[in-house]
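Here is the structure we will look at.
Nothing in this text is a laboratory measurement; each read-out follows from the coordinates by a stated rule. Bear in mind the structure is a predicted one, so any value in this text is a computation, not a measurement. Note: ideal-geometry Cβ built from the backbone for every residue, glycine included; neighbour counts use all protein chains shown.
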Amino acid sequence: MKKLTLIPCALLLLCLSSCNKPGFDNKELPAGVAQDAVKSQTLRSRKPNILLLVADDIGYEVPAYTGGQSYQTPNIDSLARVGRQFSDANSTPLCSPSRQSFLTGKYNNQNYTTWGTMLRDQKTIANMLRSNGYATAVSGKWQLDGGDVAIRGFGFSDYLVFLPYNGGDESEENKGRYKDPTLYQKGAYLPQSATQGKYADDMFVDFTSRFIDSVNRNTSKPFFVYHSFSLCHMPFSPTPDNPDYATWDFAGGASSKKYFPDMVRYMDKEVGKLMDTLKAKNLLNNTIVIFCSDNGTPKSITSTWNNTSIDGAKGLTNVYGTHVPFIVAGPGIKPGIKNNIIDFTDLMPTMADLAGIPQPTTFGHLDGVSFYGAIYDLPFTARDWTYIYYKPLSSAGDKRFKVFARQAQYKKYDETDVNHFYDIINDPLEEHPITNPTPEQKKIKQQLNNVINTQEQYNLQ
């Protein structure tokens, strides 16, 4: 049995290490309960830049800082050492639903209709920040359809993206995902001459770096960049650092999982490049960097984590499909680990607090709960549950359709899924439903059922 352990002791020691730190200003801020208001006002007195880094298909077991032992992630680990690590961050099991959730601050029952498409009436983090003086950009994987009209309508003033439209054919998409990529900018696909011999994630990093430099030199605005890596999505293929790269058949969509470690290492290298950009532009002392992933690791990948073999569970609703790494680093943020539950809907209210602006009141019902206080050691009310409405396709017959709520130890699926109730600490693969709950378990089960029933009032009609 694989038992879920959210915080290994080795992780705490790693977090407290001070080597190879990015140059954030982590000096002491006013402390003590009596000084909380002063501290909060100090942190909110300026609008920080925000760089949101979203890796593709990286479960919690992958980065070394969490206890991962199969991959080299020195730059992510360095960010974790100086930042606030969230050990219980929750995504949906797949990328398109996850991205809609964190961009809009809403669970998928409110606004998710089908794969790779977001309703045009939705408002995003970028809309919120742009209307409050931020220069905004998205770089990397889009996969929300609509091309230029949608990207700008969702609040991004500049962009370089992969998958601007919902093609629906992943095998065809994969041909332009990495080498000689098929990229889109300013309402048109880049000509082949602009991408020939280039690697997508290198181009995304170059774009983000240029955008940051331009905003810094030419405006007085803070920036928000949603940097969405193509890595480490399949096809599993060699990166430019691998000798096999030159002869690999990218156009044919060839894939071999032996290259997954190489892809993780290269993604981490790209994180390092972006941190170097911030350092070179003297922006570390006014930039919040958030690193996370959109869902769990692909099912074909087996990794070692804290001396335990973990099978990837992308697309599945068990903990290995939805438990993702999550780091927030920046000025005034002390290194440490927080165990409280967070989920992707929490990003919008948290970013509002980070920017020192009001949370939106015209975006419809927002499900997120700000964890700003957990970042800066201020009093806050942590959520004690999370909810997932997982319906990857619009088809009513999609057997992956799941609705569930969970708290720290227990998880309950909707009544339509045979009323399964699990202890996810001791049974993370959900192989043994609790059929004879104790009185305390019955109480928790009812509380989670109430969460599910309450959320139904917001279902998209």
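Here are the numbers:
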| quantity | calculated |
| --- | --- |
| Table column - 3J(HN,Hα) (Hz), segment 380-391, Karplus curve with 6.51, -1.76, 1.60, x for Gly and Pro | 7, 9, 6, 5, 10, 8, 9, 10, 9, 10, 10, 9 |
| Taking all pairs of distinct alpha-carbon atoms in segment 108-171, Kirkwood radius in angstrom | 12.3 Å |
| Karplus-derived 3J(HN,Hα), 6.51/-1.76/1.60, for each residue of segment 181-198, Hz, glycine and proline x | x, 9, 10, 10, 7, 6, x, 8, 6, 5, x, 4, 5, 7, 10, 4, x, 10 |
| Cut-off under 5 Å, modelled amide H: who pairs with H233 long-range | D56 |
| Rel. contact order, % - alpha carbon contacts under 8 angstrom, at least six apart, the chain | 25 percent |
| Amide H contacts under 5 Å for F224, placed H, 5+ residues apart | I50, A135, T136, A137 |
| Simple Cβ-charge dipole of the chain, Lys/Arg +1 and Asp/Glu -1, about Cα centre, in debye nearest 20 | 960 debye |
| Estimated vicinal HN-Hα couplings, Hz - segment 327-341 in sequence order (Karplus 6.51, -1.76, 1.60; Gly, Pro = x) | 10, 10, 10, x, x, x, 8, 7, x, x, 10, 10, 9, 5, 5 |
| Cut-off under 5 Å, modelled amide H: who pairs with S293 long-range | A55 |
| Structure-based [θ]222 nm, the chain - -39500 (n - 2.57) summed over DSSP H runs of at least 4, per residue, nearest 500 | -8500 deg cm²/dmol |
| Between segment 65-133 and segment 233-270, the Cα center-to-center distance that results, in Å | 24 Å |
| Quarter of Cα convex hull surface for segment 211-329, i.e. mean projection, nm² | 9.8 nm² |
| Least to most buried among T302, T73, T361 (fewest other Cβ within 10 Å first) | T361, T302, T73 |
| DSSP bridge orientation in the chain - percent antiparallel, rounded to nearest 5 | 50 percent |
| Simple Cβ-charge dipole of segment 67-187, Lys/Arg +1 and Asp/Glu -1, about Cα centre, in debye nearest 20 | 380 debye |
| Loop trypsin sites (Lys or Arg not before Pro), segment 170-238 (other Cβ atoms within 10 Å of the site Cβ: 13 or fewer; DSSP) | K186 |
| Range of Cα positions in segment 401-458 per principal axis (Å), largest first | 32, 26, 19 |
| Viscosity 1.567 mPa s, 4 °C: Kirkwood-radius Stokes-Einstein D of the chain over Cα pairs, µm²/s | 58 µm²/s |
